[in-house]
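First comes the structure, then the notes that go with it.
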Amino acid sequence: MMMFLLILAVAVPAYVLGSVNGAIVTSKHFYKKDIRKFGSGNPGLTNFYRVFGLRGLLLVVAIDMFKTIAPVIFGGWLFARYTGMMLSQVWLFSSLFEVSLFGQAISGFFVMMGHCFPLYYNFKGGKGVMAAGTILIVLDWRLALISWGIFILVTLVTRYVSLGAMLGAAAFPISMRIINLGGYWEFAATLLCAILLIARHEGNIKRLIRGEESKFTFRK
């Protein structure tokens, strides 16, 4: 029961705050336009850059990073705060469980859920790339270095942002096991994050297979 209440306590604010979309907020208030009506229609960082360029891009990043960092830190703090009480009642987690890290990871997953299926925009949101990348930074710099490195390298070599994002996401849970960070429950939470991001790229996967995916170019 305690575990359920703790997850609920971090999931609700994480989802609500995660539903705020930096690209939509910036395009509407900065350009008086809706990013969802331009380019690919995806309210994400890549489409925003393709449509509007660098101007306003930092605001998009700032909003999306803050909405992720705040609930992830809160989730880690809340779980750590009730460590003793929770472990005494939930024997299943024992040594397989690092409460603070799990609190951060599960909060991050619900931030991504909010970004992908936002409460404020008819549950039609982005793909969670920026949110996932920010979660990595909070969880562990080594995770961020590996996944961001793969994302940047693949994107530069192939110029497919979607491919870089998916491979970087796939490296997220794998790198956790490689560096021996956390236990099985933390791994499961990060695996959910990776699966969600990759699933949101279903259309991109189909276009990549058909050779129709748009390549990233620096906007003049």
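The values are calculated or read from the model by the stated rules, or taken from the named source; none is laboratory data. All values derive from a computational prediction rather than experimental measurement. For neighbour counting, all protein chains shown are included, and Cβ atoms are generated from backbone atoms with ideal geometry for every residue, glycine included. All accessible areas refer to the heavy atoms of the entire protein, side chains included, with ligands and DNA or RNA removed. Shrake-Rupley method; radii C 1.70, N 1.55, O 1.52, S 1.80 Å.
Which residue is surrounded by the fewest Cβ atoms within 10 Å (Cβ to Cβ), if the candidates are limited to region 85-106 and must be modelled with pLDDT of 55 or more and of a type outside the set (Phe, Trp, Tyr)? Across region 85-106, the extreme among qualifying residues is 100. When the residues of region 37-69 are filtered to those that are free of Cβ contacts under 8 Å to residues at least 60 places away in the same chain and open to solvent by 60 Å² or more (accessible area, probe 1.4 Å), the one that is nearest to the chain's Cα centre (by Cα) is 66. Is it fair to say residue 109 is within 20 Å of residue 8 (Cα to Cα), assigned to a helix (DSSP H, G or I) and modelled with pLDDT of 85 or more? Yes: the conditions hold for residue 109.
One residue stands out in region 112-159 among those that are outside any helix (DSSP H, G or I), open to solvent by 60 Å² or more (accessible area, probe 1.4 Å) and not charged (D, E, K, R): the one that is farthest from residue 102 (Cα to Cα), namely 122. Go through region 19-56 and report how many residues are more than 18 Å from residue 155 (Cα to Cα) and either among the charged types (D, E, K, R) or part of a helix (DSSP H, G or I) (or both). Of the residues in region 19-56, 18 are more than 18 Å from residue 155 (Cα to Cα) and either among the charged types (D, E, K, R) or part of a helix (DSSP H, G or I) (or both).
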